[in-house]
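Working notes for the structure below.
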Amino acid sequence: MQEDIRIIEPSSGDKQYVAPIQVLLKQLSSSPIEFGEADFVALVESSSSRLFLLLSEGNVCGMLTLAHYLAPTGRKMWIEDVVLDSAMRGRSLGRRLVEFAIKCAREMGGTLMLTSKPARVAANALYRSAGFEPKETNVYKMNL
């Protein structure tokens, strides 16, 4: 029997996904991330981001956010917060999620970017094999 794997874009009424997203966020970052129903609704109703959830047999096992905006130099898109449940890794499910986001980004047109820590060896290999190229730049952040 073949496993039921789907990628969905949830709507604001799909609040049952908040708890599984919270579990994935714990695997994404060692820093605590506050994410509740209001955050979920704001994210899925935003005109500048799209949340994709990877479901296996109806259970959330991965997620990815595709953010997009217009700049004078054209449309920019960023893949953010890619995480696959640790129990599901090694099955090319992360690749399916990234390729789905690339397909959606292609439909919008522009430049698609992402960042990844060098220590995430498997993730970096996935991104290179999916067609991403390293960009010589510095990334800076400021927590406000």
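Could you figure out which of (1) touching a helix residue (DSSP H, G or I) at 6+ places or on another chain (Cβ under 6 Å); (2) within 21 Å of residue 21 (Cβ to Cβ); (3) open to solvent by 30 Å² or more (accessible area, probe 1.4 Å) isn't true of residue 89? Answer for residue 89: the failing condition is (1).
Screening the range 59-75 for residues that are open to solvent by 40 Å² or more (accessible area, probe 1.4 Å) and touching a residue at least 24 places away in the same chain (Cβ under 8 Å) and picking the one that is farthest from residue 10 (Cα to Cα) gives 75. Each residue in the range 88-122 was checked for being over 15 Å from residue 54 (Cβ atoms) and either in contact (Cβ under 8 Å) with a residue 24 or more places away in the chain or among the hydroxyl-bearing types (Ser, Thr, Tyr) (or both), and 11 pass.
Of the residues 123, 101, the single one that is modelled with pLDDT of 95 or more, within 13 Å of the chain's Cα centre (by Cα) and small (Gly, Ala, Ser) is 101.
Residues in the range 58-81 that are touching a Gly at 6+ places or on another chain (Cβ under 7 Å) and either closer than 18 Å to residue 21 by Cβ or charged (D, E, K, R) (or both): 62, 75, 76.
The values are calculated or read from the model by the stated rules, or taken from the named source; none is laboratory data. Note that the coordinates shown come from a computational prediction; the quantities given were computed from them, not determined experimentally. Note that we place each Cβ from the backbone using ideal geometry, even for glycine, and neighbour counts take in every protein chain shown. These area figures cover heavy atoms from the full protein model, side chains too; ligands, DNA and RNA do not enter into them. Shrake-Rupley method; radii C 1.70, N 1.55, O 1.52, S 1.80 Å.
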